[in-house]
Structures are given as structure tokens and as C-alpha cells.
Amino acid sequence: MPNIVVVGAQWGDEGKGKIIDLLAQNADAVIRYQGGNNAGHTVVFDGKKHILHLVPSGILHPGTTCLIGNGVVIDPVSLLLEIEALEASGVQVRGNLKISELAHVTLPYHCALDQAYEAKRGKLKIETTHRGIGPTYKDKFGRTGIRMADIIEPDGFKSRLEQNLEEINFMFEKYFSLPPLQIKDTIVKYASLGQRLSEYVDDTAEIVNSMLDDGRMVLFEGAQGTFLDIDFGTYPFVTASHTLAGGASTGTGVGPTRLEKVLGIVKAYTTRVGAGPLPTELQAGGEDLRIRGKEYGATTGRPRRCGWFDAVIVRRAKMLNGFESMALTKLDVLSGIEKLYICVAYKINHEIVKAIPAALRKTDKLETIYEILPGWKEDISGIRKYQDLPDNTKRYIERIEELVGVKTSLISLGEARDQTIHMDDL
Ligand code: IMP
């Protein structure tokens with residue numbers, strides 16, 4: 001099997017966790033390349049549900065090395081809780097997980113700033129996950145960030161934090177009217193967390209590249225989705241990292257020539273959590289679809305906004321990520337819907353446009369053009385062969401393939417590993 005970058009083709013929550021877990025059966029390593037504990041990747045194994053926020057979705061396979069790459073931002077408290085919960089349920093994390101020494105650390109003041117910025121934005125709130133993601137990346141690119149290499153050395157952490165204290169407290173006290181940071185408490189707490197995490201910290205770029213030199217198979221696990229990308233997403237209603245497949249290279253230190261294949265994860269309808277445009281959104285946020293698909297955030301529990309399948313954005317996701325095949329997920333959720341709408345084009349002032357406009361104010365004028373396909377009544381969640389699917393289900397899949405311009409490699413019909421139809425060997 002080639003090395004594969006697994007990327008979400010919509011606004012996240014496409015079901016990447018299940019697909020990574022499935023592909024990890026044949027992988028030697030899984031590496032996360034961006035985002036932080038804003039992600040919530042759900043993996044169901046032996047009837048037990050695991051929601052992973054930072055630990056790669058390959059961890060349930062005992063022989064698979066799991067790496068958290070340099071492009072990820074890490075909240076040590078959240079990561080340690082996740083490791084403890086996994087170990088408590090019998091999953092071996094120690095020895096199987098390595099974290100990049102270059103990854104930036106999310107500290108409590110990043111979370112406080114995330115909330116404070118959101119409050120200031122008023123009506124223009126992004127509706128972030130409040131996990132401190134934006135402020136951590138802001139510090140990274142402002143070159144005031146603190147990295148894993150710093151927190152595992154108490155003196156390194158203290159001096160980095162002291163350098164930043166004046167600015168942090170200026171923001172807290174003068175701009176947001178918040179109490180100042182208690183630096184002593186933070187130093188003591190993070191010295192201990194750093195010690196506990198030190199056994200995991202390593203040069204992950206070296207580890208993953210030497211595995212590739214030895215001909216081993218690596219999966220690159222994307223978080224969030226294409227239209228939450230800092231550049232190509234619906235800015236400013238995006239996350240703060242490079243969610244596209246290209247981020248897999250800079251977020252791990254693996255050269256682009258070594259990323260052999262990109263698999264787009266495509267949900268059979270569209271969802272989004274948080275503010276920003278969603279052209280195919282159903283009235284009242286698509287409550288019926290939300291209930292059918294259990295569309296509530298895996299990290300925050302927030303209800304997801306739901307809408308019809310949007311072929312315009314998935315076609316663009318194909319272009320931006322260069323995926324040659326897709327995994328179509330949650331198709332079983334559509335059983336029982338009489339008519340299925342697919343958005344095939346956008347128009348603004350009667351002219352076809354190929355994307356959501358960069359200037360979001362123009363989305364007020366965006367018109368969605370739909371094609372209507374007949375639905376199917378049958379419960380398809382137990383079907384394991386393509387030929388056994390109802391004819392209308394096959395028609396729906398084939399139309400999506402035509403509109404997006406890629407073939408389907410995997411069809412997911414439920415949370416469990418075996419609720420999957422394998423169309424090819426990838
Ligand atoms: P942040 O990443 O917490 O800064 O949030 C920015 C935007 O990305 C918000 O609209 C979030 O709801 C959305 N977001 C962040 N992580 C995820 C995810 O894992 N799935 C879906 N949406 C996400």
C-alpha cells in the first residue's frame with residue numbers, strides 16, 4: 001500500500017477517524033500534521049467508542065507507531081488526559097506514541113485569549129472550539145511560541161514564559177480587562193506536565209523519514225477539513241492551520257515527493273460546526289439530518305449545521321488537495337429520504353462561479369443550483385457488497401463521482417470497521 005494523506009473534503013467531521021483506523025491495519029505509522037485538540041476523531045472498536053483529540057487514530061492497532069508532528073499544537077493537560085483514558089481502557093500508548101519536539105504548546109492563556117477574542121468579535125464570532133488554537137498559532141508565527149522542547153526543560157520553559165509575560169499581561173489587563181497571569185503557578189504546573197511528557201518527545205521528522213527509507217507504510221492524518229484551511233477556507237471563519245494535503249509535508253518534515261497518494265474523505269451530505277457560509281444549509285440548520293446523522297460536535301457537543309451534498313465545494317477540494325480517490329462516508333444516514341438534492345453549481349448575478357467568493361459579503365448573492373435524485377427506503381447499514389446496494393443508492397454515488405471527477409475507494413455505512421464496502425485496493 002502507498003503512503004496516504006487522509007484529508008477532509010468539506011468542513012471537517014467527515015468521518016476521518018474511522019477511515020484512518022481502518023487503513024491503519026496495514027500501516028506502520030500514523031502521523032498527525034496540523035490542528036490540535038479542537039479535533040475529535042471518533043473510532044469505534046469492539047463496540048467501544050474512543051474520541052481522539054490529539055493522539056493519532058492508529059493507536060488502537062498495537063503494532064502501529066503513532067506520531068504527533070511539528071505542525072500540531074499541543075495542550076499538555078488535554079494530551080495527558082487522553083493518554084490516561086486510553087491506557088485505562090487497555091490501549092498501549094507508552095512506547096507507541098512520539099511527539100515532535102518542535103510542536104508548539106497551547107497554554108491556559110491561549111485558551112483564555114481564544115474566549116476573550118471571541119467575546120470581542122461580537123456578531124462576527126468565528127464560534128471557535130475555545131481550545132486556544134488560534135492564539136497558539138498566532139504566537140508560533142509571531143515567533144513568541146513555546147515548544148515541546150521548551151516545556152520538557154523547566155528552565156527553558158520559565159525563560160520563554162518570562163519573555164512573553166509583559167505582552168500577555170498587557171493584553172489581559174489593558175485590552176481584555178482580565179486578571180494577570182499567575183506565572184509562578186504556571187511554571188510549577190507545566191514543569192511537572194513537561195516531565196510526564198518528556199518520555200514521548202522526540203525528533204519525529206527523523207523517525208518518519210527513516211521509516212519511509214525502510215519502505216514502511218505511513219498514513220498522514222489530517223484534522224478539520226479543506227474549507228477550514230487558513231488560506232483556502234471561508235476566511236475568517238476558519239481554523240488557524242493548513243488543513244490541506246499540502247500541510248502534511250510542512251507539518252511533518254516529509255518532502256512532498258514522498259507523499260504518494262491523497263484520499264479525500266467526503267461525507268454524503270454537508271455539515272459545518274461554527275459560523276460562516278454553508279451554501280446548501282437546510283432550513284433551521286437541517287434538524288432532521290442532524291438527528292439522523294447524530295451530528296453533534298465530538299469535541300464541544302455543539303449541534304452541527306446540516307445541508308445537502310455540495311458538489312461544487314468537493315470538486316474544489318479535489319483540486320486543492322489533489323486527491324485521486326475518495327472515501328464516501330455516512331451514506332446510511334440518507335436512507336428513507338424521498339428526494340436527495342445535490343448542489344451542482346453556484347451562480348452570482350446569473351453567472352456561474354466556481355467557488356464560494358473570497359469576499360464573503362458576496363455570498364449573500366450566491367444562488368445554489370440543485371439536481372434532484374430519487375432516494376431509497378432500505379436500511380443499507382448491513383450491506384457489504386456494492387452490487388447489493390439499492391439502485392438509487394448506486395445512482396447517487398455514481399452521480400457524485402461524475403460531478404467531483406474521482407472514483408470512490410471506500411464506502412462507509414456505519415461507525416464500525418466492518419460497515420465498509422471496499423471498492424478497490426486503494
Ligand atoms: P478553532 O479551530 O477552535 O479556532 O475554530 C475555528 C473554526 O473551526 C470553528 O468554526 C470551529 O467550529 C471549526 N473547527 C475546529 N475544529 C474542528 C473540527 O475538528 N471539526 C469541525 N470543525 C472544527
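The values are calculated or read from the model by the stated rules, or taken from the named source; none is laboratory data. This one's a predicted model, so the numbers in the text were calculated from it and none came from an experiment. Heads up, the Cβs are rebuilt from the backbone with ideal geometry, glycines too, and the neighbour counts pull from every protein chain shown. These area figures cover heavy atoms from the full protein model, side chains too; ligands, DNA and RNA do not enter into them. Shrake-Rupley method; radii C 1.70, N 1.55, O 1.52, S 1.80 Å.
In table form, for the structure just shown:
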| quantity | calculated |
| --- | --- |
| Verdict on residue 8 being assigned by TED's automatic domain parsing to the domain that holds residue 304 and either more than 15 Å from the ligand (Cβ to nearest atom) or at pLDDT below 95 (or both) | no |
| Close pairs from the range 215-226: first under 16 Å from residue 53 (Cβ atoms) and open to solvent by 10 Å² or more (accessible area, probe 1.4 Å), partner in a strand (DSSP E or B) and more than 10 Å from the ligand (Cβ to nearest atom), Cβ under 7 Å, at least 6 apart | none |
| Enumeration of residues in the range 101-110 that are in a loop (DSSP other than H, G, I, E, B) and either open to solvent by 30 Å² or more (accessible area, probe 1.4 Å) or within 23 Å of residue 301 (Cβ to Cβ) (or both) | 101, 102, 106 |
| Enumerated strands (runs of 3 or more DSSP E) restricted to the range 351-426, each holding at least 2 residues that are of a type in the set (Asp, Glu) | 366-374 |
| Neighbours by Cβ (under 6 Å, 6+ apart or cross-chain): first from the range 34-46, free of Cβ contacts under 8 Å to residues at least 12 places away in the same chain; second within 11 Å of the ligand (Cβ to nearest atom) and of a type in the set (Gly, Ala, Ser) | none |
| Residue satisfying condition, being open to solvent by 30 Å² or more (accessible area, probe 1.4 Å) and in contact with a Phe, Trp or Tyr (Cβ under 8 Å, 6 or more places away or on another chain), within set 365, 354 | 354 |
| Scope the range 300-333; condition part of a loop (DSSP other than H, G, I, E, B) and either open to solvent by less than 30 Å² (accessible area, probe 1.4 Å) or touching a His at 6+ places or on another chain (Cβ under 6 Å) (or both); matching residues | 304, 323 |
| Residue within the range 133-140 that is over 20 Å from the mean Cα position of the chain (by Cα), within 16 Å of the ligand (Cβ to nearest atom) and not assigned by TED's automatic domain parsing to the domain that holds residue 255 present | yes |
| The range 227-245, subset touching a helix residue (DSSP H, G or I) at 6+ places or on another chain (Cβ under 7 Å) and of a type in the set (Phe, Trp, Tyr), residue least open to solvent (accessible area, probe 1.4 Å) | 227 |
| Residue tally, condition open to solvent by 40 Å² or more (accessible area, probe 1.4 Å), among the polar types (S, T, N, Q) and within 16 Å of the ligand (Cβ to nearest atom), over the range 33-89 | 1 |
| Boolean, residue 281 is surrounded by fewer than 24 Cβ atoms within 10 Å (Cβ to Cβ), away from the ligand (no atom under 16 Å from the Cβ) and over 15 Å from the mean Cα position of the chain (by Cα) | no |
| Hits in the range 390-416 - residues which are open to solvent by less than 50 Å² (accessible area, probe 1.4 Å) and under 22 Å from residue 44 (Cβ atoms) | 408, 409, 410, 411, 412, 413, 414, 416 |
| Long-range neighbours under 8 Å by Cβ, at least six apart or interchain, first residue more than 17 Å from residue 36 (Cα to Cα) and among the small types (Gly, Ala, Ser) within the range 296-307, second more than 11 Å from the ligand (Cβ to nearest atom) and in a strand (DSSP E or B) | 307/270; 307/281 |
